[in-house]
Amino acid sequence: MSVSVIHHTLLELRGGASRVASILNDELAAMGVESSHSFEVAESRDGEAGLLSRPWPARLEEAIAAGSVVHVHSTSQWHELLAFLAARQARTVITLHDFQLVAGGCVAPVECDISAGRCPDPCPRGYPDPEGERKLRKRLVGNLDPVIASPSEWLRRQAASSLERKVVLVPNGVPWPQTMPDAAAKSAAKKALGIAQAARTVLFVAHGGRRAAYKAGHEWDFIWRLIKEQVPGAVGIMAGGKSMERDGDLLRLPYLEPEHLARVLTAADVLCYPTLADNHPLAVLEAMAHGAAVAASAVGGVKEQVADGVNGLLAPPEEWETLATHTAELLARPPRCRELSRTAFEQGAKRFNARRMAEDYRTLYGRVLG
């Protein structure tokens, strides 16, 4: 059975949902599957020109008429999009990259627990009538009857309870090199960034940088100071903000395209990943693929990527001092750092590679097409 698919995202390029769509687009094309992309917000000149010549609803309309599966990753208007697809009887796959379709409107329920299948009212974050909104989205999903996937078991369970329907587990994947970057590759990457080749380097990365609320961006400077106290010679990189600047041993970088981020990840010895809520973050997987050890907060789907003491180190949620100590330990003990990064690379090559993810989704597309 021939398969064609159109991926739909809110943003053209940035953020985890758009990155997954882009990776799938490339992998599926390499597998001989016809794959395309529609988006609501352009972030390049070509994207702007494309939206002007053919707005995204028209792209979806044409794809549906041609028999394509619509794979929704993100949108700014769930009500309208779900109704649009249901009215056209679109064969649809939805990947849950966050809680917006599951909860009463929030990206992640940090202050509450919706595992019982309902939102608390009043909402701790001030959303009006969150339970009514959750039920409306559930009804719209029922009208469309899509196949729904979650990259993490953590979100899969809560989504299945809230939506009262089956949700399939498809872990995220990223392009995985054949071999782990060696010491020479790391030294070359550091040199390209103006970092001494012997410097022990820690990376913080998130879309939005220090303004990334769910990635605890407001705590980055505090954690960095704690790391620096324990490893005075450490060099830090904070990527994902709006500008580039140096502040002593700290380099701040703007949002990076994948090829530039790959160089930064290769230069890093450790990814320090403080986060308040996370589904199945690509940053952790991409660090593993580029030979950086991971020290992260033990929240959400991160615990499905990192096994504490086996392929990285985990700190309890919001215990920033512990996370800083874990990061400092890896910086100060290169053999231990290499041991964890090597295990992460080898395990991730089997569990979290992009081709495996694409094959899993191709199976789902076949199921949707019947």
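The values are calculated or read from the model by the stated rules, or taken from the named source; none is laboratory data. Nothing here was measured: the structure is a model prediction, and the numbers come from that model. Neighbour counts run over all protein chains shown; Cβ positions are idealised from the backbone, glycine included. Ligands, DNA and RNA are stripped out before the accessible areas are found, and what is left, the full protein with its side chains, is counted by its heavy atoms. Shrake-Rupley method; radii C 1.70, N 1.55, O 1.52, S 1.80 Å.
A few remarks follow.
- Evaluated with a Cβ-only charge set (Lys, Arg +1; Asp, Glu -1), the chain carries a dipole of roughly 460 debye about its Cα centre, given to the nearest 20.
- Of all DSSP bridge pairs formed entirely within the chain, close to 5 percent run antiparallel.
- The distance separating the Cα centre of segment 147-184 from that of segment 107-140 comes to 23 Å.
- Using only side-chain charges placed at the Cβ, +1 for Lys and Arg and -1 for Asp and Glu, the dipole size of segment 1-96 relative to its Cα centre rounds to 160 debye.
- Dipole of the chain [Lys/Arg +1, Asp/Glu -1 at C-beta], most positive-end residue of 260, 275, 100: 260
- Taking label points 7 Å from Cα along the Cα-to-Cβ direction, residue 116 and residue 49 give a separation of 5.5 nm.
- The chain: relative contact order as a whole-number percent, Cα under 8 Å and 6+ apart: 15 percent
- Take the Cα of residue 244, step 7 Å toward its Cβ, do the same at residue 29, and the gap between the two points is 2.7 nm.
- 20 Å Cα cut-off, lysine pairs counted over the chain (separation 8 or more, or different chains): 6
- Residue-count net charge about residue 341 - beta-carbon cut-off 11 Å; Lys, Arg +1, Asp, Glu -1: +1
- Residues with amide H under 5 Å from that of residue 238, placed H, sequence gap 5 or more: 204, 251, 252, 253
- Taking other residues whose beta carbon is less than 15 angstrom from the beta carbon of residue 86, and scoring Lys, Arg as +1 and Asp, Glu as -1, yields +3.
- Fully extended contour minus Cα-Cα distance, from residue 225 to residue 193, at 0.36 nm per residue: 9.4 nm
- Counted charge near residue 10, where neighbours are those whose Cβ lies closer than 14 Å (Asp, Glu -1; Lys, Arg +1): -3
- Cut-off under 5 Å, modelled amide H: who pairs with residue 297 long-range: 273, 275, 315
- Gaussian network model of the chain, Cα within-10 Å springs - most flexible of 169, 52, 140: 52
- Average accessible surface for segment 214-367: 39 Å² per residue, computed with a 1.4 Å probe over protein heavy atoms with every protein chain in place.
- Extension gain, residue 161 back to residue 131 (0.36 nm per residue minus Cα-Cα distance, nm): 9.4 nm
- Helical mean residue ellipticity (222 nm; -39500 (n - 2.57) per DSSP H run of 4+; nearest 500) of the chain: -13000 deg cm²/dmol
- Springs join every pair of Cα atoms under 10 Å in this Gaussian network model of the chain, and among 66, 212, 358 the largest mean-square fluctuation is at 66.
- For segment 37-57 versus segment 288-302, the inter-centroid distance based on Cα atoms is 33 Å.
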